[in-house]
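Report on the following structure.
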Amino acid sequence: MAKETLQIPLVTASPGTARSLTVHRYGTPGSVPKIYIQAALHADELPGVLAAHHLIRRLDAADRRGEIRGEIVIVPMANPAGAGQVVDGVHVGNRDLRSGGDFNRNWFDLADGLAEAVRPHLSPDPAANVLAIRSAIRAKLDRITAKTELAQHRLVLARLAHDADIVLDLHCDDEALQHVYMMPQHWPRGTDLVADLSAVACLLCDDSGGHCFDETFSLPFTRLAKQLGAEFPIPPACFSATVEFRGQADVYDELAEQDAAGLYRFLQRRGVVAGVPDDVSALSFDALPLDATDMVEVAVPGIIAYKVPLGARVEKGQLVAEILDPFAVDQSAARTPVYSLTAGLVLARRSKKLVAPGDGVMMVVGAESLAYRTARLMSE
C-alpha cells in the first residue's frame, strides 16, 4: 500500500482557531511490525522534528521502491497547541499554559483494570495474548471521553500508537549529549537503537512514576506479566523508548541527517524496511539504572557558573558548579559550591543561568542507585 498522509483535526479551546495533526503512514495498516514515531510532544524541543523530516524523506524514497515491509506511523510535530505557545517571543512548549501540566506527564494509565478485563481471554499462546491485550487497550481508549483540548489531543495520539510493536518518542534536553531511556525488560535487545543513534548513555527504569508517553504503551505488558505471568505467557510486546536528541539549540541539518540515518538503520534492523544495515556497533558502555543518575539540584538562588563541561567524568563529591549571589556585600564570599552526589558522566545541563532553590541544573549518570531517587524519577 502506498504512503498515506492524514490530517487529523483537533479540538481547540480558543474560538476562531483550528489545529490538526499531520500523520505520515507507510505500509498496510495492521501489518507487522508496526513502528510509531513522534517528535516534539514537548513542542519547544525541535531537534527531533528536523530528524523526523529527514527520516520521512528517506522513507518516501523507500516507499517508492516498494521497500516498506511493515507499518510505520510518523507524527513529526506531535503538539500543535504547544507549537503556538510563544510568550513575548519565548517559545513555551514544555507545559500546557492553560492547565499548567507537563505535556509528557500524567498520560492515561492503560494498565489500570487491565488484568480483570483481559484475563478471560488469555491462553498459553503468547502471540494470541498480545493481541488480546491490545484489543482490551483499544476498547479502553474507545471508552474514554475527552472533555478538554489537551485530553482530546492525547487520546488521538494514544489511539495512533497503542498497538505498535515499537514506540519512539523523540525529545531533547536543555543542553545534553545524545541519550536514550527505555525499560530494563528491553535491554540488551535495545542495544541496536542506542548504537544506531550513536548515543552515549542508556538509562533504564521500570516505571518513572510520571506516566510519560512512552511508558503508556509498555507498562501494560510489564505490569500484566507481574500480575498474571505465573499463569500465562505475557511478553514485553511494546518496545518503547524516549530518545533525547542532544539539546534544544542543536537544530542543524547535519545532525538531523545523522539522526535520521540512525533511525532508518534501526527500522531496517527491525525488519520494517528492506535492506541489511551494517552490524551493530559495539557499545563502550552498559545501560544504567535511572535512579543512579544524580539530578544535581541547587539550594540557593543566584547565577550558576559550571566547573565541568558536558561529557566530563566526575567523582563523587567533586565540585561541579558554583552559585553566585550578585547581591552579596562581600563578593569574595558570594559563591556557594555545588557538588555531585555520584561518580559518573555529565550528560546534561541547564542552559538558563539564573537559578532558584530546588532547580535541577545537571545530570550526572552514575552506576549505583541513589537513596534520594525515588517515586518520580524523570525531571520536570
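The values are calculated or read from the model by the stated rules, or taken from the named source; none is laboratory data. Treat the numbers as computed from the prediction; the structure is a model and nothing was measured. Note that each Cβ is placed from the backbone with ideal geometry, even for glycine, and that neighbours are counted across all protein chains shown.
Scanning region 249-272 for residues that are among the charged types (D, E, K, R) and assigned to a loop (DSSP other than H, G, I, E, B) returns 250, 270. In region 97-110, the residues that are under 11 Å from residue 82 (Cβ atoms) reach residues that are aromatic (Phe, Trp, Tyr) and buried (at least 19 other Cβ atoms within 10 Å of the Cβ) with C-beta atoms within less than 8 angstrom, at least six apart or across chains, in these pairs: 104/213. Considering only residues in region 3-32 that are of a type in the set (Gly, Ala, Ser) and surrounded by 11 or more Cβ atoms within 10 Å (Cβ to Cβ), the one that is farthest from residue 71 (Cα to Cα) turns out to be 14.
Residues of region 250-307 that are of a type in the set (S, T, N, Q) and either modelled with pLDDT of 95 or more or surrounded by 15 or more Cβ atoms within 10 Å (Cβ to Cβ) (or both): 258, 268, 293.
Consider residue 57 against the criteria (1) surrounded by 13 or more Cβ atoms within 10 Å (Cβ to Cβ); (2) under 21 Å from residue 171 (Cα atoms): it satisfies all of them except one. Which criterion is unmet? The number of the failed condition is (1). Note on region 148-182: residues that are assigned to a loop (DSSP other than H, G, I, E, B) and in contact with a Cys (Cβ under 7 Å, 6 or more places away or on another chain) total 2.
To keep it simple, each residue is scored yes or no on (1) charged (D, E, K, R); (2) surrounded by 16 or more Cβ atoms within 10 Å (Cβ to Cβ); (3) within 20 Å of residue 75 (Cβ to Cβ).
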position	(1), (2), (3)
118	no, yes, no
131	no, no, no
169	yes, yes, yes
189	yes, no, no
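Return the residues of region 260-301 that are in contact with a Leu (Cβ under 7 Å, 6 or more places away or on another chain) and within 20 Å of residue 363 (Cβ to Cβ); say none if nothing qualifies.
287, 288, 289, 290, 291, 292, 293, 294
Condition check ((1) more than 27 Å from residue 244 (Cβ to Cβ); (2) not small (Gly, Ala, Ser)) across all residues:
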{"position": "71", "(1), (2)": "no, yes"}
{"position": "84", "(1), (2)": "no, no"}
{"position": "108", "(1), (2)": "no, yes"}
{"position": "125", "(1), (2)": "yes, yes"}
{"position": "128", "(1), (2)": "yes, no"}
{"position": "151", "(1), (2)": "no, no"}
